[in-house]
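What follows is a single structure, written as structure tokens, with notes after it.
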Amino acid sequence: MANVLVVDDEEDLLELIRYNLNKEGYRVTCVATGEEAINEAKSALPDLVVLDLLLPSVDGLDVCKTLKGDPKTQHIPIVMLTAKSEEADVVTGLELGADDYITKPFSP
């Protein structure tokens, strides 16, 4: 069973994503801050990180940069999930190492 780390500061969205991924057979861990995301990714080494960009204190771009810059976590795929949908935002996310970019709102 694959482990997915979901990072978003919106509790309702975390529950929606957790429910849908659990239903598909994934084990899901949810956190609400960038600091928690980095700590959880380094300790649990999930199979995938679903990462919001707009987080309190440490934003998603910094989380992505930190995880992709660490040999222990650089192999973990990151899917950015964010309301920032401008082409420049997408390019920046992908340049920092994100594997895909999904804009909100999205269909589960």
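The values are calculated or read from the model by the stated rules, or taken from the named source; none is laboratory data. Since the structure is predicted, the reported quantities are computational estimates derived from the model, not experimental observations. Because the Cβ atoms are built from the backbone with ideal geometry, glycine has one as well, and the counts that use them run over all protein chains shown.
Figures for the structure shown
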item	result
Subset of segment 70-90 (residues that are at pLDDT 95 or above and in contact with a Gly (Cβ under 8 Å, 6 or more places away or on another chain))	Gln74, Ile78
Enumerated strands (runs of 3 or more DSSP E) restricted to the chain, each holding at least 2 residues that are surrounded by 13 or more Cβ atoms within 10 Å (Cβ to Cβ) and hydrophobic (A, V, I, L, M, F, W, C)	3-7, 27-31, 48-51, 78-82
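Conditions tested, residue by residue: (1) touching a Leu at 6+ places or on another chain (Cβ under 8 Å); (2) on the phi > 0 side of the Ramachandran plot; (3) in contact (Cβ under 8 Å) with a residue 12 or more places away in the chain.
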position: Arg18; (1), (2), (3): no, no, yes
position: Lys23; (1), (2), (3): no, no, no
position: Cys30; (1), (2), (3): yes, no, yes
position: Glu35; (1), (2), (3): no, no, yes
position: Leu45; (1), (2), (3): no, yes, yes
